[in-house]
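The values are calculated or read from the model by the stated rules, or taken from the named source; none is laboratory data. Being a predicted model, the structure only gives us computed values, none of them experimental. Note that we place each Cβ from the backbone using ideal geometry, even for glycine, and neighbour counts take in every protein chain shown.
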Amino acid sequence: MGFVGGGRITSALAAGLRLSDDRREIVVYDRHPEKLRALRRESQVEVARDLKSAVERAGMLVVAVRPNSVAEVLGEVAACGATPGLCVSLAAGVPLENLRTGLPHARWVRAMPSPVCRMACGLTAVCFDHDVRKGERSRVRSLFQRVGQVVEIPEKQFDAYTATFSSSHGYHALATLAKAAQRAGMSGEIALRCAAHALCDGIIYWRESGLSLDDLLREAATPGGTAAATMDTMDKAGYARVVAKGLAAGIGRARRNATSGAKARIVR
């Protein structure tokens, strides 16, 4: 498989594949030699000498660049004379329609893997264009199953998925809860450990217990208890509204990525 772009998500996928004992050939092209050197040290990838050689060698070409760079990169792929078959875009907010326009002879898949796939326990959403063959769909699912779970969703849900699934929610919640605990008088180290326990262990128990989230919330919110008072006050302060506004902003950003990609093609 070949990657165009050697940034964070390429690094995470390559590391996750190697951790899962996947020894397939991984070829990466990037304009920045330092990224390629780091990838070669970490995951034993092969460095493509130029874009054309990366495209020509790829049985599956993964486009892993920033959303606002997708149109330019697809133009360069088209100009190099190589014709990729199966292509997977990891760019948030760039729809299949834009990808088809940028490289019309390719068969396109959108995928959104979590950086946690570095540990082979991520989550990846996929959606397929209509002309992607059955065997190719199986190959794509199999690839991402090596680094975690895979869900197939309609493309119209992709922007909401992108805004929701990010591990940044966990980091943000952890930092916010730990800072609040510090302000309440706890030491920094204990506050962080306590907050991590609250978030991580609670989610692990939900996943492994078989209990519904509603059941666990009822169990935790004992009338007159500390947890009930904490959650009730957070809800009254607008916790649900703040989360909804954050997701809406993320979805809006993803949709603007699609618009900026279309404008970039017009300029070209």
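Under 8 Å by Cβ, and 6 or more places apart or on different chains, what pairs join a residue from the stretch 144-163 that is free of Cβ contacts under 8 Å to residues at least 60 places away in the same chain and surrounded by 15 or more Cβ atoms within 10 Å (Cβ to Cβ) with one that is among the aromatic types (Phe, Trp, Tyr) and not in a strand (DSSP E or B)?
Val150/Phe144
The rows are residues; the columns are (1) farther than 23 Å from Arg110 by Cβ; (2) surrounded by 15 or more Cβ atoms within 10 Å (Cβ to Cβ); (3) touching a Gly at 6+ places or on another chain (Cβ under 7 Å).
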site	(1), (2), (3)
Arg8	no, no, no
Leu13	no, yes, no
Arg18	yes, yes, no
Val28	no, yes, yes
Glu34	yes, no, no
Arg37	yes, no, no
Ala64	no, yes, yes
Ala78	no, yes, no
Gly81	yes, no, no
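Suppose the filter is touching a Leu at 6+ places or on another chain (Cβ under 6 Å) and surrounded by 14 or more Cβ atoms within 10 Å (Cβ to Cβ); does Asp129 pass it? Spell out how you get there, then give the answer.
Working: touching a Leu at 6+ places or on another chain (Cβ under 6 Å): yes; surrounded by 14 or more Cβ atoms within 10 Å (Cβ to Cβ): yes.
Taking the combined requirement at face value, the residue satisfies it.
Output the residues belonging to the stretch 140-156 that are over 25 Å from Arg255 (Cα atoms) and of a type in the set (Val, Ile, Thr).
Val147
Just checking, how many residues over the stretch 101-123 are in a helix (DSSP H, G or I) and either within 21 Å of the chain's Cα centre (by Cα) or at pLDDT 95 or above (or both)?
Residues flagged as in a helix (DSSP H, G or I) and either within 21 Å of the chain's Cα centre (by Cα) or at pLDDT 95 or above (or both) within the stretch 101-123 amount to 5.
Can you name the number of the only condition in (1) farther than 20 Å from Val243 by Cβ; (2) not assigned by TED's automatic domain parsing to the domain that holds Ala14 that Lys134 fails?
(2)
State all residues of the stretch 19-52 that are part of a helix (DSSP H, G or I) and touching a residue at least 12 places away in the same chain (Cβ under 8 Å); if no residue qualifies, say none.
Selection gives Leu19, Lys35, Leu36, Ala38, Leu39, Glu42, Ser43, Leu51, Lys52.
Restricting the stretch 212-229 to residues that are surrounded by 10 or more Cβ atoms within 10 Å (Cβ to Cβ) and of a type in the set (D, E, K, R), which is nearest to the chain's Cα centre (by Cα)?
Checking each candidate, the answer is Asp215.
Only one residue in Glu56, Glu76, Glu34, Glu72 is assigned by TED's automatic domain parsing to the domain that holds Lys156, of a type in the set (D, E, K, R) and within 22 Å of the chain's Cα centre (by Cα). Which one?
Just a single option satisfies the conditions, and that option is Glu72.
Give the residue that is modelled with the lowest pLDDT, with candidates limited to residues of the stretch 188-211 that are among the β-branched types (Val, Ile, Thr) and surrounded by 11 or more Cβ atoms within 10 Å (Cβ to Cβ).
Ile203
Of all residues in the stretch 1-33 being of a type in the set (Lys, Arg) and either in contact with a helix residue (DSSP H, G or I) (Cβ under 6 Å, 6 or more places away or on another chain) or under 13 Å from Val47 (Cα atoms) (or both), which is modelled with the lowest pLDDT?
Step by step, filter the stretch 1-33, then rank; the result is Arg31.
Please specify each residue of the stretch 90-134 satisfying the condition of being closer than 19 Å to Glu56 by Cβ and in contact with a strand residue (DSSP E or B) (Cβ under 7 Å, 6 or more places away or on another chain).
Leu103, Ala106, Arg107, Trp108
Can you name the residue in the stretch 230-247 that is surrounded by 12 or more Cβ atoms within 10 Å (Cβ to Cβ) and among the aliphatic types (A, V, I, L, M) and is also farthest from Gly202 (Cα to Cα) among such residues?
Applying the filter and picking the extreme gives Leu247.
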